[in-house]
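Trainee: Structure provided below as structure tokens; questions to follow.
The values are calculated or read from the model by the stated rules, or taken from the named source; none is laboratory data. Please read these numbers as outputs of a predicted model, since none were measured by experiment. Every residue, glycine as well, gets a Cβ built from its backbone with ideal geometry; the counts of neighbours run over all protein chains shown.
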Amino acid sequence: MSSSTLRPEVENHGWIGAEFLDVPASPAQSTSEQLLPVSPDEVSALYREVFEALQVPRRLSGPRRVRRGAFEIASEIFPVGYFSGDFVSVFDAGDAIFFALGDIAGKGLTAAMWFTHVMGLVRTYSASVVSPEGVLAAVNRDLCALGSGVPLTTMVLARLDWRRGQLMYSNGGHFVPFIHRANGRIEQLSVGGPILGALPQARFEGATLEFSPTDILVGYSDGLIECRNANDEEFGMDRLLDAVRRSANLCGGEALFSIVGAAQDFAAGTPRSDDMTLMIVAGAEANRE
């Protein structure tokens, strides 16, 4: 998104005051209390700052496609506005790679600001705590310690030892991801704990699984399965599973856009009401056989 996309058409309006901004002054306000006029240069500077703020969550998210050994992690967020309450993050920690997928209550700039704080905590604790459940427990305690006003946050956090083909994970109240195994079996990743930021003494459990490049791990937000068409039907889990099965022989990046394409085809142009996020962990090479 370029800064020109964010910049309003102000050139023909000269000075911009309360009337242009559609903020009526209260009858009780004196003239000195009413909004002061804002110059086009000030508006442009504000929108440049908003554009730069948009880049911070993107940088903390890490690259959208990461290859480690025989594995590829691909992720994408399709927000309905400038800022998303959904988040993803992929980062290395020692000999393994962590990846996170979640949702912060609310939308807009506030959710994006909380994302920077939450991911700062995740990265800090992941440097010294190996287990995802340990990281989630520590992040939860820190969020709860901030008191009221902290938005509830769901998060799946996983650690992939890509050399050994071992996956550790913990699910903090997020929509349950799943693994499509090479033999077609579906395995849900439901072990974990509650939503983050609600219960300071909450306990989080973790699980360790074998994970092969022929398997596909699928993490998603509610905006994907609740994507609707013109008949007000939801895309739903059954269609998601069908799309994953059709993508079983694709590499991570190809599988991601194949599944997103299936959801978009289903919606057929119907406007979305929620952010749509998808993360795929699969083989780095497609199996065309």
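Trainee: Would you mind finding the one in Arg239, Arg181, Arg203, Arg245 that is in contact with a helix residue (DSSP H, G or I) (Cβ under 8 Å, 6 or more places away or on another chain) and more than 24 Å from Asp142 (Cβ to Cβ)? Please lay out each step first, then the result.
Mentor: On the way: Arg181 fails: in contact with a helix residue (DSSP H, G or I) (Cβ under 8 Å, 6 or more places away or on another chain); Arg203 fails: more than 24 Å from Asp142 (Cβ to Cβ); Arg245 fails: in contact with a helix residue (DSSP H, G or I) (Cβ under 8 Å, 6 or more places away or on another chain).
On inspection, the qualifying residue turns out to be Arg239.
Trainee: Can you pull out every residue in the range 232-269 that is of a type in the set (Asp, Glu) and part of a helix (DSSP H, G or I)? Show your work before the answer.
Mentor: From the range 232-269, those of a type in the set (Asp, Glu) are 232-234, 238, 242, 254, 265; that's our starting set.
Across the range 232-269, the qualifying residues are Asp238, Asp242, Glu254, Asp265.
Trainee: Could I ask something else about it? Go through Ala202, Ala207, Ala182, Ala230 for me and flag whichever is crowded, with 18+ Cβ neighbours inside 10 Å and over 20 Å from Gly85 (Cα atoms). Can you show your working first?
Mentor: Numbers: Ala207 fails: crowded, with 18+ Cβ neighbours inside 10 Å; Ala182 fails: crowded, with 18+ Cβ neighbours inside 10 Å; Ala230 fails: crowded, with 18+ Cβ neighbours inside 10 Å.
When all the criteria are applied, what remains is Ala202.
Trainee: Can you tell me which residue among Asp238, Asp265, Asp222, Asp242 is at pLDDT below 95 and not basic (Lys, Arg)? Before the answer, list the steps.
Mentor: Details: Asp238 fails: at pLDDT below 95; Asp265 fails: at pLDDT below 95; Asp242 fails: at pLDDT below 95.
After applying the criteria, what remains is Asp222.
Trainee: Moving to a separate point now. Sort out which residues of the range 107-166 are hydrophobic (A, V, I, L, M, F, W, C), farther than 17 Å from Phe83 by Cβ and part of a helix (DSSP H, G or I), and write them in order of number.
Mentor: Taking the range 107-166 first, the residues hydrophobic (A, V, I, L, M, F, W, C) are 109, 111-115, 118-119, 121-122, 127, 129-130, 135-139, 143-146, 150, 152, 155-158, 160, 162.
If we keep only those that are farther than 17 Å from Phe83 by Cβ as well, we get 121-122, 127, 129-130, 135-139, 143-146, 150, 152, 155-158, 160, 162.
Residues satisfying the conditions are Leu121, Val122, Val135, Leu136, Ala137, Ala138, Val139, Leu143, Cys144, Ala145.
Trainee: With hydroxyl-bearing (Ser, Thr, Tyr), crowded, with 22+ Cβ neighbours inside 10 Å and in the same structural domain as Phe99 (by TED's automatic domain parsing) as the only criterion, which of Thr270, Thr277 stands out?
Mentor: Working: Thr270 fails: crowded, with 22+ Cβ neighbours inside 10 Å.
From the options Thr270, Thr277, the qualifying one is Thr277.
Trainee: Taking the range 65-89 as the region of interest, how many residues are closer than 17 Å to Ala112 by Cα and β-branched (Val, Ile, Thr)? Can you show your working first?
Mentor: Within the range 65-89, the subset closer than 17 Å to Ala112 by Cα is 76-89.
Pick out the ones that are also β-branched (Val, Ile, Thr) and you get 77, 80, 88.
Number satisfying all stated conditions: 3.
Trainee: If Gly165 meets every condition in (1) within 21 Å of the chain's Cα centre (by Cα); (2) surrounded by 15 or more Cβ atoms within 10 Å (Cβ to Cβ) apart from one, which number is that one?
Mentor: (1)
Trainee: Looking only at the range 187-206, count how many residues are in contact (Cβ under 8 Å) with a residue 60 or more places away in the chain and under 20 Å from the mean Cα position of the chain (by Cα).
Mentor: The total comes to 2.
Trainee: Also: Are any residues in the range 167-186 in a loop (DSSP other than H, G, I, E, B), within 19 Å of Leu152 (Cα to Cα) and free of Cβ contacts under 8 Å to residues at least 24 places away in the same chain, and if so, which ones?
Mentor: Gly173, Val176
Trainee: List, please: which pairs have Cβ atoms under 8 Å, are six or more places apart or on different chains, and start with a residue in the range 122-137 that is closer than 15 Å to Asp92 by Cα and end with one that is assigned to a helix (DSSP H, G or I) and not hydrophobic (A, V, I, L, M, F, W, C)?
Mentor: That search, which allows pairs on different chains as well, returns Tyr125/Gly134; Val135/Tyr125; Val135/Ser126.
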